[in-house]
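Undergrad: Below is the structure I would like to discuss, written out as structure tokens.
FYI, it's all coordinate maths here, none of it is from the lab. Note that the coordinates shown come from a computational prediction; the quantities given were computed from them, not determined experimentally. Neighbour counts run over all protein chains shown; Cβ positions are idealised from the backbone, glycine included.
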Amino acid sequence: MELNKLEVYKIARDLSEIAWNVYKEMKSEFRFSIGQQFIKAVDSIGANIAEGFGRYHYMDSVRFYYNARGSLWESKHWAELLLYERSLIPQAIYTTISEKLDTLGVKLNNFISSIKTKVPVATNNHEYTTKNMNIP
């Protein structure tokens, strides 16, 4: 599989484009504070998915996917601040961002779960399982 065909990566890239358009429209006094925080958080989602995709070992990959999930939640935080506390984006833009973040959150969790099922763990009878790994 190619990274660009991975659905979670495509959604993250779409979010990055929306975030960039929001950032470009901000006045410079907001760009260099909340704007940079917002764009870094959103861009970090896709960057962590890409880095995880490039890792060899499953659990190494999952660590980056967890980082992507953390960046997703940080992005939600900044988007809410942009709308509710700072009134810097219109409701329609916030709704688009929020819906994409929610969709990506579900898909990213499912993607992480599917990766974790591929992690081989040797047991006494040489079968492989992930049941006793204590993976969150």
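Undergrad: Roughly what angle does helix 36-53 make with the longest principal axis of the chain, taking Cα atoms, 0 to 90 degrees, to the nearest 10?
TA: 20 degrees
Undergrad: Using Cα pairs under 8 angstrom and six or more residues apart, how large is the relative contact order of the chain, in percent?
TA: 23 percent
Undergrad: Moving on. Taking 0.36 nm per residue of sequence separation and subtracting the Cα-Cα distance, how much length would be gained by fully extending the chain between His77 and Lys118, in nm to one decimal?
TA: 11.5 nm
Undergrad: Suppose R0 equals 35 Å; then what is the FRET efficiency for Thr95 and Arg63 from their Cβ-Cβ distance, rounded to the nearest 0.05?
TA: The value I calculate is 0.65.
Undergrad: Using a simple charge model, +1 on the beta-carbon of Lys and Arg, -1 on the beta-carbon of Asp and Glu, nothing else, what dipole does the chain show about its Cα centre, in debye to the nearest 20?
TA: 200 debye
Undergrad: Oh, and also: Where a ≥ b ≥ c are the square roots of the eigenvalues of the C-alpha gyration tensor, would you call the chain rounded, which needs a/c under 1.5, or, failing that, prolate if a/b is larger than b/c, or oblate?
TA: Here the chain falls in the prolate category.
Undergrad: Here is the link list: Lys10/Lys118; Lys10/Lys40; Lys10/Lys100; Lys5/Lys107. Which ones come out longer than 20 Å on Cα distance?
TA: Lys10/Lys118
Undergrad: Next question. Please give, to one decimal in nm, the separation of the simple spin-label points placed at Asn4 and Arg86, each 7 Å out from Cα toward the Cβ.
TA: Here the modelled spin labels are 3.2 nm apart.
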